[in-house]
1. Looking at this structure, is LEU276 within 19 Å of ALA161 (Cα to Cα) and either touching a Lys or Arg at 6+ places or on another chain (Cβ under 7 Å) or open to solvent by 40 Å² or more (accessible area, probe 1.4 Å) (or both)?
2. Taking strands (runs of 3 or more DSSP E) that do not extend beyond the range 87-129, which have at least 1 residues that are closer than 17 Å to LEU337 by Cβ and either open to solvent by 20 Å² or more (accessible area, probe 1.4 Å) or modelled with pLDDT of 90 or more (or both)?
3. Scan the range 341-356 for residues that are buried (at least 22 other Cβ atoms within 10 Å of the Cβ) and either assigned to a helix (DSSP H, G or I) or free of Cβ contacts under 8 Å to residues at least 24 places away in the same chain (or both) and jot them down.
4. Run down THR180, THR170, THR204 and say which single residue is in contact (Cβ under 8 Å) with a residue 12 or more places away in the chain, open to solvent by 10 Å² or more (accessible area, probe 1.4 Å) and under 21 Å from the mean Cα position of the chain (by Cα).
5. Does any residue of the range 191-205 turn out to be in a helix (DSSP H, G or I) and small (Gly, Ala, Ser)?
6. Can you pull out the residues in the range 207-232 that are among the polar types (S, T, N, Q) and buried (at least 17 other Cβ atoms within 10 Å of the Cβ)?
7. Out of ALA328, ALA336, ALA318, ALA284, report the one residue that is modelled with pLDDT under 95 and touching a helix residue (DSSP H, G or I) at 6+ places or on another chain (Cβ under 6 Å).
8. Which residues, counting only those in the range 238-261, are open to solvent by 40 Å² or more (accessible area, probe 1.4 Å), in contact (Cβ under 8 Å) with a residue 24 or more places away in the chain and of a type outside the set (Ser, Thr, Tyr)?
Amino acid sequence: GEPFEFLGFTFQHEHRWRYDGPAGPRRVRELGWKDADRTPSPLALPLPGEVPAAGAEGALVLGPGVERLDVAGDAIEVSTPDRGDLRRVPLAGVDRLIVLGPAGWTADAPGKLLRAGVPVQFVSEGGWPLGELAGEVADDPDALAAQCRAAADPAAALRIAKPLVRAKLTNFAALLASATDAGAQGAAVGRLRELARESADAATLDALRGAEGAGAADWYRCLPGLLGSGFRFARRVSPDADDPVNVLLNIGHTVLHRHAAAACRAAGLSPAVGFLHRGTGRFAALAADLQEPFRHLVERAVIVATRRLRPAQFLARADGAHRLVLDANAARSFHALLQRTLRAGAAGRGQTEPRSWLAQLLTTARGLRRHLLDPAAPWEPFEHP
């Protein structure tokens with residue numbers, strides 16, 4: 001008997017029928033249809049001080065099955081066989097385009113997107129990142145020289161690496177505290193925070209990596225209890241994983257790694273020259289360094305995704321680069337969740353206003369650049385208060 005909202009209408013019980021005129025109820029066929037946004041919200045597991053993405057700007061996830069993709073005037077035009085119509089998305093509302101699977105590009109669409117400052121991330125139909133199309137960023141010779149000098153100095157490298165590990169462990173403790181009640185995982189949260197404090201006293205990079213590894217082991221022992229029904233996690237496997245949780249983790253961390261590399265370049269630094277990590281040709285070492293304080297965002301996205309996806313949406317492949325891929329709906333949903341995650345944000349320690357996570361990543365890279373050019377300048381990666 002209580003009033004309720006449904007399909008944009010308020011329904012309430014009355015003892016007799018009453019006609020409200022032209023502004024009243026309409027037939028369903030007069031309303032038209034619009035696809036619902038089924039992207040799960042990362043704020044299902046909110047972090048301290050976190051706020052949702054503001055405004056309409058953000059990432060546009062398209063595919064699989066894009067027949068034609070073009071830029072006409074001030075809009076991106078997309079046609080897909082399942083919709084059977086032309087969709088126009090204003091360029092002003094898009095700061096990144098993610099395209100899953102093959103797409104029918106017009107010849108000049110990539111150039112138009114570059115001129116509009118919209119980078120394009122290419123993803124396989126099964127959800128695995130392939131590469132990116134983006135404009136060039138000018139190098140900063142002074143910053144690059146200072147970066148190389150610091151990387152070659154063990155004391156300087158340790159000084160820069162310590163805050164990264166401390167922030168990583170502190171942020172994972174914040175996520176674990178948010179995802180569980182104090183009684184269930186209170187000891188693990190306390191252990192992560194203790195390791196974060198101990199990392200500040202590490203005498204060598206090897207000792208620092210030992211604290212980081214111990215913290216990662218504590219976190220992954222807790223992860224199975226946070227996953228959705230039907231999902232299992234035994235141990236961390238990268239890169240050749242064949243279980244759904246590790247596949248999601250690997251895809252998510254690849255996406256984050258590429259955002260970190262872009263932040264390095266935007267700050268005038270080389271993604272390849274790291275301090276905590278040493279490049280072996282498989283990954284960009286500084287991008288991996290700057291990724292550390294933000295890894296908990298990917299892990300949170302994976303937890304949320306397992307509560308919405310089903311294990312049956314992961315498909316085994318006997319050929320191709322990966323043994324396990326996502327079906328089209330799962331791939332689209334997970335990448336949309338990742339982008340929505342990175343466009344939410346929070347205020348870190350010492351900050352008064354929240355910033356998006358991508359802005360926090362760029363702020364971290366720029367803070368490192370200032371420290372490299374002037375070692376007296378403070379170096380503080382993002383850390384939850």
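The values are calculated or read from the model by the stated rules, or taken from the named source; none is laboratory data. Keep in mind that what you see is a predicted model, and the values were worked out from it rather than measured. Every residue, glycine as well, gets a Cβ built from its backbone with ideal geometry; the counts of neighbours run over all protein chains shown. Side chains are part of the model used for accessible areas, which takes the heavy atoms of the whole protein and leaves out ligands, DNA and RNA. Shrake-Rupley method; radii C 1.70, N 1.55, O 1.52, S 1.80 Å.
1. no
2. The qualifying strands (runs of 3 or more DSSP E) are 94-100, 120-123.
3. Of everything in the range 341-356, those that are buried (at least 22 other Cβ atoms within 10 Å of the Cβ) and either assigned to a helix (DSSP H, G or I) or free of Cβ contacts under 8 Å to residues at least 24 places away in the same chain (or both) turn out to be THR341, LEU342.
4. THR170
5. Within the range 191-205, one or more residues are in a helix (DSSP H, G or I) and small (Gly, Ala, Ser).
6. Result: no residue meets the conditions.
7. ALA284
8. ASP240, ASP242, ARG258
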